[in-house]
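The values are calculated or read from the model by the stated rules, or taken from the named source; none is laboratory data. Note that the structure is a prediction, hence the values are computed from the model and not measured. Cβ coordinates were reconstructed from backbone atoms using ideal geometry, including for glycine residues, and neighbour counts include every protein chain displayed.
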Amino acid sequence: MRLTQEQDELRAAVKSLLARHEGTDAWRPLTEQIGVASLAVPEKYEGAGCGAVDVHVVMEELGRVLSPVPLLGSAVLAAQLLLATGDDDACARLLPGIADGSAVVGVAWAEDGSWDPAATRATAAPSTAGNRRIDGSKRHVLGGTEADTLLVTARTGVGVSLFEVAPGDPGAHGETMVAMDRTRPLGRWRFEGAEGRLVGTDGGGARALEHALDLARTALAAEQVGAAQACLDLTVAYTKERVQFGRSIGSFQAVKHRLADAYVLVEAARSAALGAAFAAEGAEPAGFGRYASVAQAAASEALSTVAGDMIQLHGGIGITWEHDAHRYFKRAHSSAQLFGTPDWHRRRIARSLDLGRPQEEARP
């Protein structure tokens with residue numbers, strides 16, 4: 001699992017650009033100068049035709065600075081969902097805008113705290129225009145209400161399907177959620193007879209979304225690793241500067257142990273996240289979901305732990321608004337819920353390995 005020279009250069013370019021542009025101001029130069037939104041989009045749809053490892057490199061750097069740009073929600077989740085549907089017309093219509101950063105596409109599927117596509121309760125009924133009327137509510141839509149297009153899951157007579165909905169439709173009502181993590185905008189959408197255009201096959205939405213979610217989980221794990229590394233770097237630097245009893249607190253054995261444990265967590269999470277990215281590009285995608293869950297569980301727990309340690313080892317300054325520690329702590333806990341908790345991912349891994357059954361059933 002070695003990065004190529006081009007990937008190292010991509011990392012350096014993204015890191016340099018983020019040092020010059022902060023917040024949402026970084027989106028345009030990231031897309032126009034480096035083309036980050038086009039990385040996972042095939043060349044036939046005006047993308048760069050790269051893969052999950054290149055996305056990993058960019059997401060790790062975005063995580064270091066808690067960038068709020070819409071790469072995860074639009075250029076990863078939405079783009080991969082469109083590709084997974086196999087709908088060439090929808091891909092040709094929407095992917096070029098995603099790739100050049102001129103359009104942001106949001107995915108609305110989570111309902112009532114459930115991330116499971118199969119738990120969809122929104123409905124799609126036939127309309128006179130040949131489309132469908134979408135009714136239902138969606139939460140935790142990445143990008144908030146700023147999307148130019150929405151991809152919405154709704155249940156038809158044959159199962160969960162995917163529909164393209166215009167945010168300006170009279171039946172679509174969006175509002176920005178008041179989230180703990182202000183660096184990741186989330187939206188709440190209510191649909192009351194909104195016109196939806198079928199994307200992919202009727203009843204094929206859940207399967208396509210599950211694959212896209214695994215790719216998004218892999219990208220999110222990379223972002224979490226970058227944030228965890230930033231927490232560790234800030235903490236190490238502070239323990240060298242903070243003097244207590246005539247010596248830097250980083251020289252105390254107890255502090256050394258905490259930092260060493262944090263380093264192990266970060267490196268283990270980085271290996272898991274990078275392993276999932278390489279697995280996504282592998283020739284045998286059957287077990288990719290397991291790799292994605294391993295990466296998500298490891299990265300979520302690493303970031304939550306290291307962000308908590310950062311606050312404790314910074315002492316009083318670590319709980320002030322002026323210090324960035326609270327921003328990383330909030331991102332840690334919001335990201336750990338975004339595509340499933342670590343416990344959910346461990347249960348998923350156990351099911352995929354046929355573990356956790358009663359002992360008598362597990363006997364040959």
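Some points to look at:
- Annotation: of all residues in the stretch 267-305 being modelled with pLDDT under 95 and charged (D, E, K, R), the one that is farthest from Ala216 (Cα to Cα) is Glu284.
- Applying the criterion of being part of a strand (DSSP E or B) and acidic (Asp, Glu) to the residues of the stretch 181-224, the residue that is surrounded by the most Cβ atoms within 10 Å (Cβ to Cβ) is Glu195.
- Of all the criteria given as (1) in contact with a Leu (Cβ under 9 Å, 6 or more places away or on another chain); (2) under 28 Å from Ala124 (Cβ atoms), the one not satisfied by Glu210 is (1).
- Odd one out for Asp233 among (1) touching a His at 6+ places or on another chain (Cβ under 9 Å); (2) farther than 26 Å from Asp87 by Cβ: (1)
- Ala48, sole failed condition from (1) outside any loop (DSSP other than H, G, I, E, B); (2) within 26 Å of Asp214 (Cβ to Cβ); (3) in contact (Cβ under 8 Å) with a residue 40 or more places away in the chain: (1)
- Residue match in the stretch 241-257 (condition: outside the structural domain of Thr128 (by TED's automatic domain parsing), closer than 27 Å to Ala297 by Cα, surrounded by 15 or more Cβ atoms within 10 Å (Cβ to Cβ) and over 25 Å from the mean Cα position of the chain (by Cα)): yes
- Residue in the stretch 151-166 that is of a type in the set (D, E, K, R) and within 17 Å of the chain's Cα centre (by Cα) present: no
- For beta carbons closer than 6 Å, sequence separation of 6+ or different chains, a first residue in the stretch 227-241 that is part of a helix (DSSP H, G or I) and a second that is hydroxyl-bearing (Ser, Thr, Tyr), the qualifying pairs are Ala227/Tyr328; Cys231/Tyr328; Lys240/Ser248.
- Restricting Gly315, Gly340, Gly308, Gly275 to residues that are assigned to a helix (DSSP H, G or I), at positive phi and either touching a His at 6+ places or on another chain (Cβ under 6 Å) or touching a residue at least 12 places away in the same chain (Cβ under 8 Å) (or both) narrows the list to Gly315.
- Which numbered condition Arg207 fails, given (1) closer than 21 Å to Asp89 by Cα; (2) modelled with pLDDT of 95 or more: (2)
- Sole exception among (1) in contact with a Lys or Arg (Cβ under 8 Å, 6 or more places away or on another chain); (2) surrounded by 13 or more Cβ atoms within 10 Å (Cβ to Cβ) for Thr235, by number: (1)
- Annotation note: of Val225, Val264, the sole residue that is closer than 23 Å to His323 by Cα and hydrophobic (A, V, I, L, M, F, W, C) is Val225.
Let's see how each residue does on (1) in a strand (DSSP E or B); (2) surrounded by fewer than 24 Cβ atoms within 10 Å (Cβ to Cβ):
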position: Ala75; (1), (2): no, no
position: Ala84; (1), (2): no, yes
position: Ile98; (1), (2): no, no
position: Ser102; (1), (2): no, yes
position: Gly130; (1), (2): no, yes
position: Gly136; (1), (2): yes, yes
position: His140; (1), (2): yes, yes
position: Gly144; (1), (2): no, yes
position: Ala147; (1), (2): no, no
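- Among the criteria (1) at pLDDT 95 or above; (2) within 26 Å of Tyr291 (Cα to Cα); (3) aliphatic (A, V, I, L, M), the one Met1 does not fulfil is (1).
- Gly282, sole failed condition from (1) part of a helix (DSSP H, G or I); (2) within 21 Å of the chain's Cα centre (by Cα); (3) surrounded by fewer than 18 Cβ atoms within 10 Å (Cβ to Cβ): (1)
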